[in-house]
Every structure is written in C-alpha cells, then in structure tokens.
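One structure, pasted below without further comment.
The values are calculated or read from the model by the stated rules, or taken from the named source; none is laboratory data. Since the structure is predicted, the reported quantities are computational estimates derived from the model, not experimental observations. Methodologically, a virtual Cβ is constructed for each residue, glycine included, from the backbone with ideal geometry; neighbour enumeration extends over all protein chains shown.
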Amino acid sequence: MNDNSYTSWLQHRGWLAIAGVIIIALLLALGGKPVQLALRYDRSGIQTGEYWRLITGHLVHGGFQHVVVNVLGVILMAALFKRTYNFVSWLVIVVMGVVCIDIGMWVLMPQLQWYVGLSGVLHAVLAAGTVAWWRTEPRALAILLTLIMIGKLIWEQTQGALPLSGDLPVVVNAHLYGEIGGLLGAAICWQDIAGLKFRTYQVLSS
C-alpha cells in the first residue's frame, strides 16, 4: 500500500468513526428513558457488575436536546481538528478521556449516582486538539483556543455550568476529568510509543 492510499484509508476510517458515534447516539436517544436507564453510568449498577455502563454511559443522553447539542459538538470538533492526529492517536485520546472521566467520577465523586452524555469525551478531544494546534496552526489561534478552554474550565469550576447550557444535565467535573484524559492522551501520542506511529496526521481532511 503506497502512502497516498494509506492516507486515504485513514481519512475514510476517521469519518466513518465520527458518523458511527453520531448514529449510535441518535439511535440510543430514540430508545428514550428505558435505554438510558439500561446503559447510563449508574454507580449502583456498576457495583453489581454492570461494567458496560462505564462505556455506554457516554453514548446515552438525557433527552433530545442533550443529544443534539453533543452531536453538534462532535461535528465542531471534527471541523476544528481535522488536521491534527491520526485515527489510532484519536482512539488513544478518546480512551484516555473515558478512563479518566470514569475514574474521576468513581473515586472523587462518590455522591454522583448517575451520568450520561458525550460532553466529557468531547472535552478530552478539545484538550488534545488544543495541544496539537500549538504545532499545526498559527500561534495566535493556538493561544486563543487555549484561553477559551482554560476560561471555560475556570468558569465551570467556580460558577457552575455555562448559562447557555439551559436545563441540560451538566456534570462540570466530567469536563475537567475529560480534559485531563485528553492531555494525557496527547502526551502519549506526541511520541513514537512501542513502535506505533502516533504522529500528527491529516486524518479527517476532505
């Protein structure tokens, strides 16, 4: 396989993954409350061995408005960071985001009984993408995005959810844990680890 065909394959796979996440989230939302109850991050359920909730909790949502906002977030992240990491690197970043969110909520938020939504994972993507922008985009844009990300975190940690969140169920600490996971994922992908090429790549470009 030559370099051009390999690049094309990576681009295809990235878009398919994004489309898959969007479709799954929308289909699960159509299942309503029963699906949400069966799949959400639920502390009591996880304690009894329902470990799938640690993953599926990030794919179900609190309602139609919630899923639409997060789907739009997925599209925005894809548009902003299409010239950053390759598919394998994004997979590492998303997994690190999920792991840090789950560990953070389980260990540091024992009072949190349930959680749903992609927003924490989207913040992992935002953090990793911001790191990549320092290498791939003009310095002014990287500084601006970094200030926006930090400003949003400070607001959420001091004032709670942003006013534009409305009645959406927001667990602001999930955003913090997600960004920690995204930064850890970016640090891993910045190097060539264990022979895998975690290099920046134009994965999602058209």
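Could you figure out which of (1) of a type in the set (V, I, T); (2) over 15 Å from T130 (Cα atoms); (3) surrounded by 14 or more Cβ atoms within 10 Å (Cβ to Cβ); (4) modelled with pLDDT of 90 or more isn't true of V203?
(4)
Looking at (1) at pLDDT 95 or above; (2) farther than 24 Å from V107 by Cβ, find the lone condition where R43 falls short.
Unmet for R43, out of (1) at pLDDT 95 or above; (2) farther than 24 Å from V107 by Cβ: (2).
Okay, next question. Any chance you could count how many residues in segment 154-184 are exposed (fewer than 14 other Cβ atoms within 10 Å of the Cβ) and at pLDDT below 85?
Going through segment 154-184 one residue at a time, the tally reaches 5.
For segment 80-119, which residues satisfy the criterion of being among the aliphatic types (A, V, I, L, M), more than 14 Å from the chain's Cα centre (by Cα) and farther than 18 Å from C189 by Cα?
Listed by number, the residues that qualify are I103, M105, V107, L108, M109, L112.
Also, I was wondering about something else. Please go through segment 122-163 and pick out each residue that is part of a helix (DSSP H, G or I) and small (G, A, S).
Hits for segment 122-163 are A124, A127, A128, G129, A132, A140, A142, G151.
Ok, one more. Any chance segment 111-119 includes a residue that's of a type in the set (S, T, N, Q), closer than 24 Å to A29 by Cβ and crowded, with 18+ Cβ neighbours inside 10 Å?
yes
What is the one condition in (1) surrounded by fewer than 21 Cβ atoms within 10 Å (Cβ to Cβ); (2) touching a Gly at 6+ places or on another chain (Cβ under 7 Å) that T136 does not satisfy?
Going through (1) surrounded by fewer than 21 Cβ atoms within 10 Å (Cβ to Cβ); (2) touching a Gly at 6+ places or on another chain (Cβ under 7 Å) one by one, T136 breaks only (2).
Can you tell which of T130, T146 is crowded, with 19+ Cβ neighbours inside 10 Å and free of Cβ contacts under 8 Å to residues at least 24 places away in the same chain?
T130
Output the residues belonging to segment 185-200 that are at pLDDT below 70 and among the hydrophobic types (A, V, I, L, M, F, W, C).
Within segment 185-200, I193, A194, L196, F198 meet the criteria.
Can you tell me which of V74, V68, V60 is in contact (Cβ under 8 Å) with a residue 12 or more places away in the chain, hydrophobic (A, V, I, L, M, F, W, C) and under 17 Å from P169 (Cβ atoms)?
V60
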